[in-house]
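The values are calculated or read from the model by the stated rules, or taken from the named source; none is laboratory data. Please read these numbers as outputs of a predicted model, since none were measured by experiment. When we count neighbours, we look across all protein chains shown, and the Cβ atoms used for this are built from the backbone with ideal geometry, even at glycine. Keep in mind that these areas ignore ligands, DNA and RNA; they rest on the heavy atoms of the full protein, side chains included. Shrake-Rupley method; radii C 1.70, N 1.55, O 1.52, S 1.80 Å.
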Amino acid sequence: MKFMKLGSRPDTFYTTDAISDLIIQLKGARYLLHKFPLLSKCLRLQRLCSEITEPSRLQIIQLPDLPGGVESFDLCAKFCYGITITLSAYNIVSTRCAAEYLQMSEDVDRGNLIYKIEVFFNSCILHGWRDSIVTLLTTKAYPTLSEDLRITPRCIDAVASKVLSRPTKASLSHSYSRRARDDDDDDVSCIGSKAGRKEWWAEDLAELGIDLYWRTMIAIKSGGNVPAGLIGDALRIYASRWLPKLSNSSDEVTSKHRLLLDSIITLLPGETKGRVSCSFLLKLLKAANILGISSSSKKELVRRIGVQLEEASVNDLLIPSFSTTKDDLAYDVDVVVAMLEHFMAQGQSPPTSPPRTKGDFERRRSRSAENVELMVRESRRSSSASHSSKLKVAKLIDRYLQRIAKERNLSMSKFITIAEAIPEFSRIDHDDLYKAIDVFLKGHPEVSKSERKRLCRVLECRKLSMEACMHAAQNEMLPLRVVVQVLFLEQARAGGKMTRRELPSNIKALLAVHNDDDDDDDESESKGAKAAAAATLKMRMETENKPDIIMAKYKGHKSSSKGDMLGKLWPITRRSESRRTTDGSIHI
């Protein structure tokens, strides 16, 4: 028997010594064949030929919906003629679906094509990592038939079992698409990172569409043998591969990627802290704001980020709001407030030594000093970890406030809400908070005197450094009470003996707590006291030959002398008292 395929012509002929008596017509091709070899193995062709009532030497059969089209039928026809065919992971799905369509089963002929494909699939394809991935990819063209024939679930189980057997082995990865992926390595997605380590199995899985990827990852997670950290890394690699660039986000791709992002969030490990980086979660949240995912998914991200907020950076927290309202902020401040609330809700407390009871004391007598020290150290370590996190978050939030304070639409109440959310013990110093307040006041000059007083209540002057105090002493935007308080506290630090009883009466009134809400301070008195403070600082700087000391810290220099900040202020103030007018104002 002679066999020849003329693939370059619209008609493809399988020639033998016998005359063709069957025409198979597919979309884009026509085959002149013989009934005997085909009908002996294809039950569907038997039935279609029997349905032709008109007698004709050459019967025509239409197969427009054959899975795989010309390529698949070519392999099936060759098999019917006894010609060796080549199967691989690339064509096994389409060939298997075509054989099912033509009904080439064991009921028709022993050792038929379906049987042989199944043997090859189970013994070869499912045993290879690369072949399983490629086969799973090709099921996308025939999703329903692949599910019915259990090709898809078997591939998923095979891939999952290989990952579960050795999840950290780099030798699993032999990606068939390295060249195509290398071409895209320079493209950075909205997640902000390139594809992960090229030697890891997760990159091969990242080639799958979200539906197959989700099912595969669920199977891997259910096995319980893969560390949660590797699951988190795999999700990061997948997000980098599939989420679009921010600039390329369009209405067409948004719906598809919204589903993709929702699916990634559902795959996050149960215990996120230490398993998935806070930076990655925040990048997912930024993408969520762009794509407009479901509120439940967004809340889940916020909750997970809040648990490990101490790992974030200020830039991570600058999440675009993408709002169309002109009064809205450029950044989503509300979501940061929500993260902070979740962080504070963890019930962490400052580090303390373990409580000492009488029973503990008695037991200590019987223990060695080494064991006692170990017990105390371990107890402190467990509590100080949470306290350390709060210290980091306090620093983070104060610096975040500095970045958003210049926003014209940022309300003072929201600024105060964020600042007051940090517990008092978490702020070791208030320098960063003072900088944030200074930026806010300069960016919002319309703020009234009473509002400035309310804003400065969150500031503890005793926690300001010398440089910050000197800057505050001549800050015209601050309430007078804060300026005087700063000067008084710095005098105390410098070793001065002055107490509140020695202060002039007008300054003692300013330091009184009950006057915080009094908005009737005379403007000339405020300007006079500040001028006195400025004069004092100027004389001191001239004495020390350090004209830039007030702005030293803000320019990157450090002052080395503390000195007496109030030494020359009191004489000026006292002379001012003697020249007080009837309305209580001070003339300098």
Practice problem: May I ask you to list the residues in the stretch 57-79 that are out of contact with any helix residue (DSSP H, G or I) (no Cβ under 9 Å at 6 or more places or on another chain), β-branched (V, I, T) and either more than 16 Å from V93 (Cα to Cα) or modelled with pLDDT of 95 or more (or both)? | Solution: I60
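If you check D211 against the conditions, is it of a type in the set (D, E, K, R), under 30 Å from D157 (Cα atoms), surrounded by fewer than 15 Cβ atoms within 10 Å (Cβ to Cβ) and at pLDDT 90 or above?
Against the criterion (of a type in the set (D, E, K, R), under 30 Å from D157 (Cα atoms), surrounded by fewer than 15 Cβ atoms within 10 Å (Cβ to Cβ) and at pLDDT 90 or above), D211 qualifies.
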Quiz item: Do we have any residue at all in the stretch 61-69 that's part of a strand (DSSP E or B), out of contact with any Leu (no Cβ under 7 Å at 6 or more places or on another chain) and open to solvent by 40 Å² or more (accessible area, probe 1.4 Å)?
Solution: yes
Quiz item: Hey, L396 hits all of (1) modelled with pLDDT under 90; (2) touching a helix residue (DSSP H, G or I) at 6+ places or on another chain (Cβ under 7 Å) but one; which does it fall short on?
Solution: (1)
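Conditions tested, residue by residue: (1) assigned to a helix (DSSP H, G or I); (2) at pLDDT below 95; (3) under 20 Å from L212 (Cβ atoms).
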| site | (1), (2), (3) |
| --- | --- |
| E118 | yes, no, no |
| I133 | yes, no, yes |
| T152 | yes, no, yes |
| L164 | yes, yes, yes |
| T168 | no, yes, no |
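With the requirement that a residue be surrounded by 13 or more Cβ atoms within 10 Å (Cβ to Cβ) and not in a helix (DSSP H, G or I), what does the stretch 412-435 give you?
So the first thing to find is which residues in the stretch 412-435 are surrounded by 13 or more Cβ atoms within 10 Å (Cβ to Cβ), and the list is 412, 414-419, 421-423, 425-427, 429-435.
If the condition is that a residue be surrounded by 13 or more Cβ atoms within 10 Å (Cβ to Cβ) and not in a helix (DSSP H, G or I), then A421, I422, P423, R427, D429, H430 are the ones that fit.
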Quiz item: What number goes with the only condition from (1) touching a helix residue (DSSP H, G or I) at 6+ places or on another chain (Cβ under 8 Å); (2) within 23 Å of V159 (Cβ to Cβ); (3) hydrophobic (A, V, I, L, M, F, W, C) that V119 does not pass?
Solution: (1)
Practice problem: Starting from the stretch 268-296, keep only residues that are farther than 16 Å from F322 by Cβ and surrounded by 19 or more Cβ atoms within 10 Å (Cβ to Cβ), then list their pairs with residues that are among the β-branched types (V, I, T) and modelled with pLDDT of 85 or more whose Cβ atoms are within a distance under 7 Å, requiring at least 6 positions of separation or different chains. | Solution: L268/V276; P269/I231; P269/V276; T272/V307; C278/I305; L281/I305
Quiz prompt | Set K41, K27: member being surrounded by 16 or more Cβ atoms within 10 Å (Cβ to Cβ) and either among the charged types (D, E, K, R) or at negative phi (or both) | solution = K41
Quiz item: If we scan the stretch 458-479, do we find a residue that is open to solvent by less than 10 Å² (accessible area, probe 1.4 Å) and among the β-branched types (V, I, T)?
Solution: no
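Answer with yes or no whether T53 is at pLDDT 90 or above, open to solvent by 30 Å² or more (accessible area, probe 1.4 Å) and outside any helix (DSSP H, G or I).
Details: at pLDDT 90 or above: no; open to solvent by 30 Å² or more (accessible area, probe 1.4 Å): yes; outside any helix (DSSP H, G or I): yes.
Criteria not met by T53.
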